[in-house]
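J.: Structure in structure tokens, see below.
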Amino acid sequence: MNIFEFTFGHSAPPPSLWSTVFPGLTVALVGSIVLFLLNWAREWVMAQWKRKTEAEVLAFSLASELDRLISECFEVVHDPQWQDPESGIWETTVGTPTIALGDNLPWAAFPKSLHYRIRALPMKIDAAVKSCAAEAEYGDGPPDYSDFFQERELRFSWIGLEATALRYELSKTYGVEYLDRGAWEPEESFKSIIQKIEKQKEELAAMRKRHNLFRPRVPIEELEKRRAALGTALDVARAKVKPPLIW
């Protein structure tokens, strides 16, 4: 019996470099991905928390401005007016509403639609002022300036209504405490004024359609055509009529 046995082709090969390195690379790669995802998730959560906090602070700072704008619009809509005893001209007793929006506010914390609607308020006020000025200049004029006052009531009723909607959205979305107005309901007042003026405008437009004075004017070109046609018709009529015999 041989003490030593030799076998060929059955001994385990030495481990390769790839089989040794690959598991380590896999673990390192997976660990890096997990670490990246954890950092990304942490940054995302922090960014969302920061944006929410900034939005809440911004909402609280804007709420008081919107409340003030609503009050000023209400005063404009219900302006008692004043008549100059000497000239008899009616004048306003309430100034133009304003809203102060800071330049360095974190507007990016708000959704784009809400951001735009709030930032558009000063432009709407400016447009209302210019529209009222046009009515004062080209409307029915003194002493009543009724077109001017009607436009003023209508424009600032719409602005006040928009401000109340924005104020409610800040309260609902960001938890800003809603102002307790008691029996005072400016929103309903704005709606009532808008409905009244729109009805008056519809009635006036219908009256103008019925009245000959307000019918559309015929262009001069059309009048010339009608005159020419009438002249031609008269010439034809004259040609057909024989002159009487003279004895």
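Read-outs throughout are calculated quantities, based only on the coordinates presented, and are distinct from any laboratory measurement. Quick caveat, the model's predicted, so the values are computed rather than measured. Here the Cβ positions follow ideal geometry from the backbone for every residue, glycine too, while neighbour counts run over all protein chains shown.
J.: Can you tally the lysine pairs in segment 77-220 where the Cα-Cα distance is under 19 Å and the two residues are eight or more apart, or on different chains? Don't skip to the answer; put the middle values down first.
T.: On the way: 112/124; 112/172; 124/191; 191/199; 191/201; 199/209; 201/209.
Lysine pairs, 8 or more places apart or on different chains, close enough: 7.
J.: Would you work out if segment 169-210 is rounded, prolate or oblate? Take a ≥ b ≥ c from the square roots of the eigenvalues of the alpha-carbon gyration tensor; rounded if a/c is under 1.5, else prolate when a/b is larger than b/c, oblate otherwise. Let's see the in-between values first.
T.: Working: a/c = 10.25, a/b = 3.08, b/c = 3.33.
Verdict is oblate for segment 169-210.
J.: Also, quick follow-up: Once the other residues with Cβ under 13 Å from the Cβ of residue 123 are scored (Lys, Arg +1; Asp, Glu -1), what is the net sum? Don't skip to the end; give the middle numbers.
T.: Values: positive: 117, 119, 124, 130, 155; negative: 126, 162.
Charge balance in the 13 Å sphere: +3.
J.: Could I ask something else about it? If amide H atoms are built 1.01 Å from N in the plane of the peptide, which residues on other chains or at least 5 residues away come under 5 Å of the amide H of residue 91?
T.: 82, 83, 84
J.: Relative contact order of segment 79-154, please, whole-number percent, based on alpha carbon pairs below 8 angstrom and at least 6 residues apart. Walk me through the numbers on the way to the answer.
T.: Details: 57 pairs, mean separation 20.0, N = 76.
With pairs under 8 Å counted, the relative contact order is 26 percent.
J.: Right, another one. Between segment 138-210 and segment 58-113, how far is it from one alpha carbon centroid to the other, in angstrom?
T.: Segment 138-210 and segment 58-113 have Cα centres spaced 13 Å from each other.
J.: Under a plain spin-label model, where a point goes 7 Å from the Cα along Cα-to-Cβ, how far apart in nm are residue 86 and residue 177?
T.: 5.1 nm
J.: Within 10 Å of each candidate Cβ there may be at most 15 other Cβ atoms; applying that plus a DSSP loop requirement, which chymotrypsin sites (Phe, Trp or Tyr not before Pro) in segment 137-197 survive?
T.: Working: sites: 138, 145, 148, 149, 156, 158, 168, 174, 178, 184, 190; in loops: 145, 178, 184.
Here the chymotrypsin sites (Phe, Trp or Tyr not before Pro) that fit, given the DSSP loop and packing criteria, are 178, 184.
J.: Taking a label point 7 Å from the Cα of residue 60 along the Cα→Cβ vector, which residues of segment 158-201 have an amide N closer than 13 Å to it?
T.: So the set is 174-177.
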